[in-house]
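Asker: Pasting in a structure now, in structure tokens, and then I'll have a few things to ask.
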Ligand code: ADP
Ligand code: ASP
Ligand code: MG
């Protein structure tokens, strides 16, 4: 007997038929004698609709009320799946985040889980109950519902798996694993049997939305054996119930990966915006005067490029922010202009950041040069570059996103044959 947490994303629970199919996956594990807790997302498109309603009601709304609205999508699915499981003769009931409770911090809209009392769920296992838990939500210190940021049900699942010391956390989604790049952009993408926590963390933070970043962090810290797998396969097909090697991608320690490639994957993030400050005074304290106020306004600055000034007095400063934060960033900068001292602000939205990720880069030279050459050959202009030990990120114009992803995927030999 094993203890398994199963998470099903929005497309997997998009309608009653799909919920029935999900219930069959749950039934398979229950009938194999395992202890099972299930985490569900809202039905596909539901959260977007709810978010849209809060914006329509008022663009500047109370984040606590936003949470009250958007957390409702998961409540519906949890109830529907519990009803379906019961109709199949399985002892199940739904639980909201606050009932367990899944405790979070106070950052409404992007809260972090602070504590889950595993004994509550372990008691349910003892009673032979399948707990169907609404993902994406918890209870804040202000005693109000808090949500975990978009894609947060992944994090709910991994956190619950850690709290109950589950043998496995299965993230069921609409693809059958983690691929070398988004299979919707590059059909030649290959499914990875395994990917290291570090690489998955980079992939997720650089745009591969298959897992929420925080879920990968938690899996890494708590050593949760996490699989990404498909909910669309026949629940009773051979091998689906394999305890050790279920079909899908295992997220694991680097040491578990025998054949390490130099480059493991390509990720991309759309909706980046570039801000350039022209003729900024080149003196100590200027960066602090620019980026301090942006940070205070909770604007996430990413790539930063500063030119060397010709005469030592003035320079250009360029950086990126999410397109959604561009207007706010420009307003903040206009305010600090007299103090910082620059001539003009120029900005451009709709850019894309493409990233090459691989642990093998630590020990191989020339990986970046290969990317630059391949993009140049396709006539793609590079606006900014950042690198770390295991990734290279390149900022380009929006319309070239797909071409750049496919070009890089091919140049590093990732295409399936
Ligand atoms: P869910 O609703 O199940 O949480 P998501 O839409 O959040 O599903 O994540 C699954 C999607 O992530 C896939 O449909 C795929 O288009 C996208 N994706 C992006 N990068 C990758 C990748 N490297 N491997 C697999 N899927 C990826
Ligand atoms: N329903 C939430 C979202 O769409 C959480 C999730 O699906 O993980 O962001
Ligand atoms: Mg998701």
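The values are calculated or read from the model by the stated rules, or taken from the named source; none is laboratory data. Everything numeric here is computed off the predicted structure, so don't read it as measured data. As a convention, Cβ positions derive from the backbone with ideal geometry for all residues, glycine included, and neighbour counts pool all protein chains shown.
Asker: If you go through region 212-226 one residue at a time, do you hit one that is part of a loop (DSSP other than H, G, I, E, B), within 16 Å of ligand 2 (Cβ to nearest atom) and under 24 Å from residue 24 (Cβ atoms)?
Answerer: First pass over region 212-226, keeping only residues part of a loop (DSSP other than H, G, I, E, B): 212, 223-225.
With within 16 Å of ligand 2 (Cβ to nearest atom) added as a condition, the list becomes 212.
So of that shortlist, the ones also under 24 Å from residue 24 (Cβ atoms) come out as none.
No, region 212-226 contains no residue that is part of a loop (DSSP other than H, G, I, E, B), within 16 Å of ligand 2 (Cβ to nearest atom) and under 24 Å from residue 24 (Cβ atoms).
Asker: Just to be sure I understand the filter: pairs with C-beta atoms under 9 Å, separated by 6 or more residues or on different chains, first member in region 3-21 and free of Cβ contacts under 8 Å to residues at least 12 places away in the same chain, second member within 10 Å of ligand 3 (Cβ to nearest atom). Which pairs pass?
Answerer: Sorted first by the residue in region 3-21, then by its partner, the list stays empty.
Asker: Identify, please: which residue in region 171-209 is in a helix (DSSP H, G or I) and more than 26 Å from residue 235 (Cβ to Cβ) and is, among those, nearest to the chain's Cα centre (by Cα)? Outline the logic, then answer.
Answerer: We begin by selecting, within region 171-209, every residue in a helix (DSSP H, G or I); these are 197-205.
In the following step, the residues that additionally are more than 26 Å from residue 235 (Cβ to Cβ) were identified as 197-199, 201-205.
Numbers: 197: 13, 198: 14, 199: 13, 201: 9, 202: 10, 203: 9, 204: 5, 205: 6 Å.
This residue is 204.
Asker: Any idea which residue in region 128-139 is farthest from ligand 3 (Cβ to nearest atom), counting only those that are surrounded by fewer than 24 Cβ atoms within 10 Å (Cβ to Cβ) and in a loop (DSSP other than H, G, I, E, B)?
Answerer: Within region 128-139, the match that is farthest from ligand 3 (Cβ to nearest atom) is 128.
Asker: Let me ask something else about it. Condition test on residue 341, is it under 23 Å from the mean Cα position of the chain (by Cα), surrounded by fewer than 18 Cβ atoms within 10 Å (Cβ to Cβ) and touching a residue at least 60 places away in the same chain (Cβ under 8 Å)?
Answerer: So residue 341 does not fit the description; no.
Asker: For region 146-162, give me each residue that is more than 15 Å from the chain's Cα centre (by Cα) and surrounded by 24 or more Cβ atoms within 10 Å (Cβ to Cβ). Spell out the reasoning first.
Answerer: First, pick out the residues of region 146-162 that are more than 15 Å from the chain's Cα centre (by Cα): 146, 160-162.
Correct list: 146, 160, 161.
Asker: Mind listing just one residue for me: the one in region 219-234 that is crowded, with 17+ Cβ neighbours inside 10 Å and more than 16 Å from ligand 1 (Cβ to nearest atom) and, of those, farthest from residue 266 (Cα to Cα)?
Answerer: For region 219-234, the residue satisfying everything is 224.
Asker: Does at least one position in region 251-260 carry a residue that is within 30 Å of residue 411 (Cβ to Cβ), touching a helix residue (DSSP H, G or I) at 6+ places or on another chain (Cβ under 8 Å) and in a strand (DSSP E or B)?
Answerer: Looking only at region 251-260, we keep the residues that are within 30 Å of residue 411 (Cβ to Cβ), and these are 251-260.
Of the ones still in play, those that are also touching a helix residue (DSSP H, G or I) at 6+ places or on another chain (Cβ under 8 Å) are 251-254, 260.
Among the residues that remain, those that are also in a strand (DSSP E or B) are: 251-252.
Yes, some residue in region 251-260 is within 30 Å of residue 411 (Cβ to Cβ), touching a helix residue (DSSP H, G or I) at 6+ places or on another chain (Cβ under 8 Å) and in a strand (DSSP E or B).
Asker: Residues that are in contact with a strand residue (DSSP E or B) (Cβ under 8 Å, 6 or more places away or on another chain) and modelled with pLDDT of 95 or more: find the helices (runs of 4 or more DSSP H) completely inside region 1-110 holding 1 or more of those.
Answerer: 16-31, 63-70, 72-87
Asker: Right, next: Kindly indicate whether residue 137 is within 16 Å of ligand 1 (Cβ to nearest atom), under 26 Å from the mean Cα position of the chain (by Cα) and under 28 Å from residue 21 (Cβ atoms).
Answerer: Answer is yes for this residue.
Asker: In contact with a strand residue (DSSP E or B) (Cβ under 9 Å, 6 or more places away or on another chain) and more than 14 Å from ligand 3 (Cβ to nearest atom): which single residue out of 214, 225 fits that description?
Answerer: Checking each option against the conditions leaves just 225.
Asker: Note down all Cβ pairs under 7 Å where the first residue falls in region 218-236 and is within 12 Å of residue 155 (Cβ to Cβ), the second is part of a strand (DSSP E or B), and they're at least six residues apart or on different chains.
Answerer: Listed by first residue and then by second, the contacts come to 219/226; 219/251; 224/169; 226/169; 226/171; 226/251.
Asker: Could I ask something else about it? Mind checking which residues of region 140-181 are touching a helix residue (DSSP H, G or I) at 6+ places or on another chain (Cβ under 6 Å), more than 16 Å from ligand 3 (Cβ to nearest atom) and farther than 18 Å from residue 209 by Cβ?
Answerer: Scanning region 140-181 gives 144, 145, 146, 162, 163, 164.
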